[in-house]
């Protein structure tokens, strides 16, 4: 049985009979406090290493209390990119930053803290990352004992990006990190962003059944380390290049039908592989990262038809 805890993404609604109890809220470096929500539980989406406006980052009063975080940015002119997990001092400050942001929030409400991987320009391995991260885990779980800390795989930016490449990207990276977590006895868990995993392996190519299986099947052996997943669709495929090759459309802007170019066999394969990956009776957090309620409801309908059950968190 595949079980998902539904997480509300932004203000997008599930089908009427599914009542999420947990809201994803931004907890990035240009915010002073957490978003207030009427839902019982919170999932904190921390800084993802995206480009932020430089002046906006530097004007955040709260960041003045955390100079290592504030100073460890790739300066890209008008934009900055955070140097996530730069060193242990950065990790200690990051724990303090989240504690300050959560002032006034019942600690038991925070169920998920989602983090993101560092770049290879200053963090050369998953081993180095995990050693740097350890102090963050120790401090944060003292403050938020009900929380799971998840790290998300990220597809890499352009090869010549000044920021560098994310060190957690492919299924091999995820498997290696799972092994290291076990060896180092860490409580860190993984949120598998499935579309980003596909992009890491195949760029923006339209997917085939073989490609889907090759990306997802190896993760079955380490699924005990996976406590959450992001699943989203994309817009209509677009033609690229002189040979008019189709590529996946705009991310977060469609459902499975548009993502798989209305190929029912490929969509059915995808749903089947999702179920095989998570069919262990363990409930996992599910975030539908799409920008319209209609896409959320279409994706949830497809998942339900494939056998996924949406359940309430304990």
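The values are calculated or read from the model by the stated rules, or taken from the named source; none is laboratory data. The structure displayed is predicted, hence computed values, not measured ones. FYI the Cβ positions are ideal-geometry reconstructions off the backbone, even for glycines, and counts take in every protein chain you see.
Can you pull out the residues in the stretch 158-174 that are over 16 Å from the mean Cα position of the chain (by Cα) and either part of a strand (DSSP E or B) or under 24 Å from residue 213 (Cβ atoms) (or both)?
The answer is 172, and nothing else.
Could you run through the stretch 70-105 and say how many residues are touching a helix residue (DSSP H, G or I) at 6+ places or on another chain (Cβ under 6 Å), surrounded by 20 or more Cβ atoms within 10 Å (Cβ to Cβ) and at pLDDT below 95?
So the count comes out to 1.
Residues that are closer than 30 Å to residue 158 by Cβ, under 22 Å from the mean Cα position of the chain (by Cα) and touching a residue at least 60 places away in the same chain (Cβ under 8 Å): does the stretch 256-266 have at least one?
Yes: one or more hits.
Starting from residues that are surrounded by fewer than 21 Cβ atoms within 10 Å (Cβ to Cβ) and touching a residue at least 40 places away in the same chain (Cβ under 8 Å), keep the ones in the stretch 285-302 and report whichever is nearest to residue 150 (Cα to Cα).
The residue in question is 291.
Specify which of the listed residues (126, 76, 84) is within 22 Å of residue 164 (Cα to Cα) and over 22 Å from the mean Cα position of the chain (by Cα).
Residue meeting the stated conditions: 76.
Please work out which one of (1) closer than 27 Å to residue 132 by Cβ; (2) in contact (Cβ under 8 Å) with a residue 60 or more places away in the chain; (3) touching a helix residue (DSSP H, G or I) at 6+ places or on another chain (Cβ under 8 Å) is the condition residue 13 fails and give its number.
(1)
Find the strands (runs of 3 or more DSSP E) located wholly in the stretch 214-314 whose residues include 1 or more that are farther than 26 Å from residue 109 by Cβ, and list them. Break it down stepwise before answering.
Numbers: elements: 226-230, 238-240, 245-247, 283-287, 308-310.
Because the criterion is at least 1 residues that are farther than 26 Å from residue 109 by Cβ, the strands (runs of 3 or more DSSP E) in the stretch 214-314 that meet it are 238-240, 245-247.
Given the conditions (1) at pLDDT 95 or above; (2) surrounded by fewer than 21 Cβ atoms within 10 Å (Cβ to Cβ); (3) more than 21 Å from residue 273 (Cβ to Cβ), report the number of the one that residue 188 does not fulfil.
(2)
Based on this model, can you work out whether residue 309 counts as within 21 Å of residue 223 (Cβ to Cβ), without any contact (Cβ under 8 Å) to a residue 40 or more places away in the chain, over 19 Å from the mean Cα position of the chain (by Cα) and surrounded by fewer than 20 Cβ atoms within 10 Å (Cβ to Cβ)? I'd like the intermediate steps shown before the answer.
Working: within 21 Å of residue 223 (Cβ to Cβ): yes; without any contact (Cβ under 8 Å) to a residue 40 or more places away in the chain: no; over 19 Å from the mean Cα position of the chain (by Cα): yes; surrounded by fewer than 20 Cβ atoms within 10 Å (Cβ to Cβ): yes.
When the stated conditions are applied, residue 309 does not pass them.
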